[in-house]
């Protein structure tokens, strides 16, 4: 059942993750963005990775099942492309003629994209210079470049054709997260998205991802560690994980929080590496870390990371520009980190 009835002026975002689908339907009412509906599929487990399967009909049927179960009637959607499948880089062009900039971008793309360009769909945008001096224009043009495999795009088109849903746009998860978690905030931050099968990290400056990394340490990694250490089922381990989280440090530390801390240590190391790399290369500080994804809801994780990294760490609120009934606030706070990408996708069409 859905929260509300779908209307004609609604905007649907669909986040196709490794092991689950998330959907958010928003509406524009005057100047307000209003929550119309949301929902997600059950965790399908690591054996059914939706992002890598070639079974188009299976994914299409699952999308329609979730839509029907939660009562979404919208026939168009903006959809996420997994970050690991999309190449991105910032390139520098020197002394280029603005009229021929596309040609220069293609030439540079050949140097940095590891696949033949004929197999990729390229997109790029000029990054505005910082503190431009009209009397002394820079000869360096910074470009944010992305490349998406044509094979992947064709697969997604086939999925939504089979589902009979109009595919409005495909967008890398990174930009959906930036839209829902940062909005118009142009400060320099790191977003850490703790998913079921991977943790994706991005350093964002002026709404552009300057650095991004993905590691195979995730919510499932922690669940498996607890399951093996205590000899219990994955379901019980997952429940323990969220019930106990990262307990307060001290002499009376129990086994489960210690297992979790050991499991997240590679994430901490990767965050440190990325922050050091960015700050040393750009002579600029990362102001804070924003957590997203289901793994961000581990009890005390934000505080633990803040103490370990000596930087402000907060759990992102993707609902901060969305209006909804006050009585839904407790449940929306709990599910928000899992829906951040879908919320950003739905906002794309509104903005």
Complete set of residues in the range 1-27 that are modelled with pLDDT of 75 or more and loosely packed, with under 15 Cβ neighbours inside 10 Å: 9
Checking residue 340 against (1) under 19 Å from residue 198 (Cα atoms); (2) free of Cβ contacts under 8 Å to residues at least 40 places away in the same chain, the condition it does not meet: (2)
Any hit, the range 291-299, residues being in a loop (DSSP other than H, G, I, E, B), modelled with pLDDT of 90 or more and under 19 Å from residue 334 (Cα atoms): yes
Residue match in the range 213-233 (condition: surrounded by fewer than 20 Cβ atoms within 10 Å (Cβ to Cβ), in contact (Cβ under 8 Å) with a residue 60 or more places away in the chain, over 20 Å from residue 268 (Cβ atoms) and more than 12 Å from the chain's Cα centre (by Cα)): no
Residue among 76, 83 that alone is more than 24 Å from residue 209 (Cα to Cα), touching a strand residue (DSSP E or B) at 6+ places or on another chain (Cβ under 6 Å) and touching a residue at least 12 places away in the same chain (Cβ under 8 Å): 76
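Residue-wise test of (1) in a helix (DSSP H, G or I); (2) in contact with a strand residue (DSSP E or B) (Cβ under 8 Å, 6 or more places away or on another chain).
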| residue | (1), (2) |
| --- | --- |
| 24 | no, yes |
| 38 | no, yes |
| 54 | no, no |
| 67 | yes, yes |
| 92 | no, yes |
| 105 | yes, yes |
Tally of residues being at pLDDT 90 or above and either outside the structural domain of residue 223 (by TED's automatic domain parsing) or out of contact with any strand residue (DSSP E or B) (no Cβ under 9 Å at 6 or more places or on another chain) (or both) across the range 245-268: 2
Out of 110, 99, sole residue that is in a helix (DSSP H, G or I), in contact with a helix residue (DSSP H, G or I) (Cβ under 7 Å, 6 or more places away or on another chain) and outside the structural domain of residue 337 (by TED's automatic domain parsing): 110
Condition check for residue 110: farther than 28 Å from residue 40 by Cα and either surrounded by 15 or more Cβ atoms within 10 Å (Cβ to Cβ) or touching a strand residue (DSSP E or B) at 6+ places or on another chain (Cβ under 9 Å) (or both): no
Residue 180 being within 28 Å of residue 154 (Cα to Cα), part of a helix (DSSP H, G or I) and in contact with a helix residue (DSSP H, G or I) (Cβ under 6 Å, 6 or more places away or on another chain): yes
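The values are calculated or read from the model by the stated rules, or taken from the named source; none is laboratory data. As the structure is a prediction and not an experimental result, all values here were calculated from the model. Every residue, glycine among them, receives a Cβ derived from its backbone with ideal geometry; neighbour counts consider all protein chains shown.
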